[in-house]
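Taking it in order: structure first as structure tokens, then the write-up.
The values are calculated or read from the model by the stated rules, or taken from the named source; none is laboratory data. A quick note: this is a predicted structure, and the numbers were derived from the prediction, not measured. For neighbour counting, all protein chains shown are included, and Cβ atoms are generated from backbone atoms with ideal geometry for every residue, glycine included. When the accessible area is computed, the model is the full protein with side chains, heavy atoms only, and any ligands, DNA or RNA have been set aside. Shrake-Rupley method; radii C 1.70, N 1.55, O 1.52, S 1.80 Å.
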Amino acid sequence: MKETSEHTIKLFLKFGELKYIKDLYENGTVFLNSIQHFRKLEDNGLRGDIYEGISNLRNLPSGEFEIKSLNHKGKYVSMQVRESYEEVVGNIYSLYAVSSQGFPNPLEFKIDNRNSEFGSHCLMIKNLPLFFNRIEQELKNSKLKFRHGFVKYYDANKTNGEITLFQKPLEYEYQKEFRFYVERDSIEPLILNIGSLKDIAEIYESNELIKGLELTVK
């Protein structure tokens, strides 16, 4: 169990292909891809997110526009303006969090089947304080600044204002994401080695875990 702000995390789940899940389980290989990678990735909205790394979002109602240089006026039904840098640096590591943030009522706990699309297997991380300690210690040893926290979800068609790296559109809410963000002046992947997780984790087939995992109230 891990307390993060006012919420409690019971478990972390990492879905993926068996070879990567085994590498994480046996060797503690933590692969953090770049924010730029997720912005450009085209995979039908599974990992790829065109909103990733934006700094501001504005949804404008219908109105008129004018291009004076062309002496042209027109109308638009609606318009969305996304502000971001051409390249957003830094790296992200994402986990599925079984927590009071994502499931305020444990009796309503259910993992969305879409999470199996990340891969055939899943690593269940059970000792969260030890996992946090290992990954944070490796980041500190590498002299890397980082933050972590729950991802909060917003309606991209209605939201106006600043967007942080810990916010994603509502269509990703089923992923119940908790993320580590590492500050780096780079768009290259980052690989950490935190040692075997055999003492704090277990491997399951994704479909079996999604169907069989339940929360009980004591």
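Just one of Ser62, Ser34 is among the hydroxyl-bearing types (Ser, Thr, Tyr), open to solvent by less than 90 Å² (accessible area, probe 1.4 Å), farther than 19 Å from His148 by Cβ and touching a strand residue (DSSP E or B) at 6+ places or on another chain (Cβ under 7 Å); which is it?
It is Ser62.
Of all residues in segment 196-213, which are open to solvent by 30 Å² or more (accessible area, probe 1.4 Å) and either assigned to a strand (DSSP E or B) or under 20 Å from Phe132 (Cβ atoms) (or both)? Quick ask: steps written out before the conclusion?
Initial filter on segment 196-213 (open to solvent by 30 Å² or more (accessible area, probe 1.4 Å)): 196, 198-199, 202-205, 207-208, 211-213.
Within segment 196-213, Ser196, Lys198, Asp199, Glu202, Ile203, Tyr204, Glu205 qualify.
Would you kindly identify the strands (runs of 3 or more DSSP E) lying entirely within segment 39-99 that contain at least 2 residues that are within 30 Å of Ser116 (Cβ to Cβ)?
Passing ranges, in order: 91-99.
For (1) without any contact (Cβ under 8 Å) to a residue 24 or more places away in the chain; (2) among the aliphatic types (A, V, I, L, M), each residue gets a yes or a no:
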{"residue": "Glu6", "(1), (2)": "yes, no"}
{"residue": "Gly28", "(1), (2)": "no, no"}
{"residue": "Glu42", "(1), (2)": "yes, no"}
{"residue": "Leu57", "(1), (2)": "no, yes"}
{"residue": "His72", "(1), (2)": "yes, no"}
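Whether any residue in segment 76-97 is polar (S, T, N, Q), closer than 25 Å to Glu17 by Cα and within 17 Å of the chain's Cα centre (by Cα) is what I want to check.
Within segment 76-97, the subset polar (S, T, N, Q) is 78, 80, 84, 91, 94.
Next cut, closer than 25 Å to Glu17 by Cα only: 91, 94.
Keeping just the survivors that are within 17 Å of the chain's Cα centre (by Cα) gives 91, 94.
Taking every residue of segment 76-97 in turn, at least one turns out to be polar (S, T, N, Q), closer than 25 Å to Glu17 by Cα and within 17 Å of the chain's Cα centre (by Cα).
Please pick out the residue among Gly53, Gly28 that is within 28 Å of Leu192 (Cα to Cα) and at pLDDT 90 or above. Show your work before the answer.
On the way: Gly53 fails: at pLDDT 90 or above.
Step by step, each of Gly53, Gly28 is checked, and only Gly28 is within 28 Å of Leu192 (Cα to Cα) and at pLDDT 90 or above.
Do we have Asp49 as touching a residue at least 24 places away in the same chain (Cβ under 8 Å) and buried (at least 16 other Cβ atoms within 10 Å of the Cβ) here?
yes
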